[in-house]
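Remarks on the structure that follows.
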Amino acid sequence: MSEPLCDTGEAPAIHTRRKRPRITVVTSYFPIAEEPYKGHSAFQTLRFMKKDADIEVICPMSAYPRTKWLNPTGFRYRRVDLSYKPPEFKATYFEYPALPLVTRPFNGLTCAHLLKPYLLASKPDLILNYWIYPEGFAAVQLGRKYGIPVVVGSIGSDILRPGGPVSFRLMRYTLRAATGVITVSEDLRQNAIKLGVAPEKVTTVLNGCDRSIFYARNCDQARVELGIPQDAELLLYVGWISPTKGLVELVDAVAALAPTHPRIKLALIGEGRFTPDLQKQAEQAGVGDRLLFLGRKSSPEVAQWLAACDLFTLPSHSEGCPNAIVESISCGRPVVSTDVGGIPELLNESCGIMVPPHRTDKLTAALHDALNRRWNNDAIASQFGRGWEAAAEETFEACCRAAAINA
């Protein structure tokens with residue numbers, strides 16, 4: 001690039017006026033009309049980065065065929081509204097064709113081919129990506145071709161569960177070829193380094209939290225507003241309804257606790273195709289009436305349920321930096337979770353209990369202990385004071401360093 005993305009420490013000439021950098025974000029991890037809270041952490045980070053840079057977002061979306069014989073699994077049959085205009089951003093959505101499993105090795109190249117005119121029209125000083133393959137791969141291919149630095153960002157599963165050996169190799173290539181890499185936890189950073197990325201290229205940027213929404217508030221009042229009995233022992237889960245989130249073990253744990261905790265209930269906020277299977281499991285275990293499937297909720301609604309619960313639980317098998325845990329701590333609620341990914345970087349004994357993944361017995365014991373322990377909710381809420389402003393500043397600094405590396 002002809003000039004660095006931001007100041008590098010040397011005083012510019014008096015007559016020079018530093019321009020605002022143009023950053024084009026290439027990602028599918030961003031709000032869509034059908035899921036306005038998708039890509040929440042990226043959206044919030046970029047909101048605050050706008051004070052330092054001109055930001056444009058391009059969202060490639062894989063489009064699977066409607067024809068049953070071409071798409072027997074029905075995977076992502078639903079089309080997205082490509083005309084959607086998210087608040088506060090100039091964003092462009094486009095689709096690229098894909099077949100389940102079959103086209104996975106080629107999705108990055110197909111995405112790059114269709115991305116090219118949109119990217120060149122945006123004339124970026126730097127490309128920032130969230131989700132390594134295929135969108136990050138496409139961004140790196142075009143960045144290398146046109147001499148534009150590229151920072152790719154991993155949120156967790158794109159590195160930890162890449163989806164097969166071919167996707168793994170393409171993901172690893174993308175990480176190595178990018179100008180810079182951002183991860184949402186130190187655990188992910190170490191994973192990237194193990195994959196061959198130079199340590200100085202990888203920056204950890206923890207997620208933030210909107211403290212105007214997520215803060216300690218009165219539990220009794222929240223329960224009155226939500227119609228939850230005051231004597232209920234309420235567990236809360238927030239996230240994708242999937243077996244990889246440890247929900248099979250969680251329902252089994254609730255069933256094991258029910259005889260000694262007759263007022264226990266589990267509220268689940270989120271959506272997913274696993275929902276009917278989980279409902280069936282709960283019915284067969286005799287705790288169907290103890291589960292509340294609440295579907296998708298807005299951030300203020302999630303905060304209200306956090307205020308009403310006794311504790312938050314996320315027994316996931318794999319995680320990056322789960323924002324639901326950050327929000328739970330900010331609301332002063334203790335957490336029972338698994339010791340995977342970046343979770344140990346968020347929890348300590350004063351705000352939660354961690355257990356190994358896949359261990360229903362350990363999860364059951366931890367939930368029992370947490371329900372019977374007296375927690376200092378105000379002290380828990382004071383532990384995490386990090387806002388999205390900090391995440392945005394650190395992300396922008398990583399982009400600045402990447403541009404300097406490329407200069």
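The values are calculated or read from the model by the stated rules, or taken from the named source; none is laboratory data. Keep in mind that this is a model prediction, so the values were computed, not measured. Cβ atoms come from the backbone with ideal geometry, glycine included; neighbour counts cover every protein chain shown.
Annotation for the stretch 294-305: at least one member residue is at pLDDT 95 or above, of a type in the set (Phe, Trp, Tyr), touching a strand residue (DSSP E or B) at 6+ places or on another chain (Cβ under 6 Å) and surrounded by 14 or more Cβ atoms within 10 Å (Cβ to Cβ). Restricting attention to the stretch 125-137, does a residue exist that is more than 11 Å from residue 26 (Cα to Cα), surrounded by fewer than 22 Cβ atoms within 10 Å (Cβ to Cβ) and touching a helix residue (DSSP H, G or I) at 6+ places or on another chain (Cβ under 9 Å)? Among the residues of the stretch 125-137, not one is more than 11 Å from residue 26 (Cα to Cα), surrounded by fewer than 22 Cβ atoms within 10 Å (Cβ to Cβ) and touching a helix residue (DSSP H, G or I) at 6+ places or on another chain (Cβ under 9 Å), which makes the answer no. Only helices (runs of 4 or more DSSP H) whose full extent lies in the stretch 101-193 are considered here, and the ones with at least 2 residues that are modelled with pLDDT under 95 are 157-160, 165-177. Residues of the stretch 348-402 that are farther than 17 Å from residue 314 by Cβ, outside the structural domain of residue 201 (by TED's automatic domain parsing) and touching a strand residue (DSSP E or B) at 6+ places or on another chain (Cβ under 6 Å): none at all. Remark: pairs (first residue in the stretch 95-122, in contact (Cβ under 8 Å) with a residue 40 or more places away in the chain; second residue crowded, with 16+ Cβ neighbours inside 10 Å and assigned to a loop (DSSP other than H, G, I, E, B); Cβ separation under 6 Å; 6+ apart in sequence or on different chains) = 107/98.
Just one of the listed residues (231, 220) is charged (D, E, K, R), touching a Lys or Arg at 6+ places or on another chain (Cβ under 9 Å) and loosely packed, with under 15 Cβ neighbours inside 10 Å, and it is 231. In the stretch 293-407, counting only helices (runs of 4 or more DSSP H) that sit wholly within it, the ones holding 2 or more residues that are out of contact with any Pro (no Cβ under 9 Å at 6 or more places or on another chain) and more than 24 Å from residue 210 (Cβ to Cβ) span 360-372. A count restricted to the stretch 360-407 and to residues that are aliphatic (A, V, I, L, M) and without any contact (Cβ under 8 Å) to a residue 24 or more places away in the chain stands at 1.
Scanning the stretch 1-52 for residues that are in a helix (DSSP H, G or I), at pLDDT 95 or above and not small (Gly, Ala, Ser) yields a total of 7.
Mind telling me which of the residues 204, 260 ends up being farther than 26 Å from residue 301 by Cα and in contact (Cβ under 8 Å) with a residue 24 or more places away in the chain? Please lay out each step first, then the result.
Details: 204 fails: in contact (Cβ under 8 Å) with a residue 24 or more places away in the chain.
Just one listed residue meets the conditions, 260.
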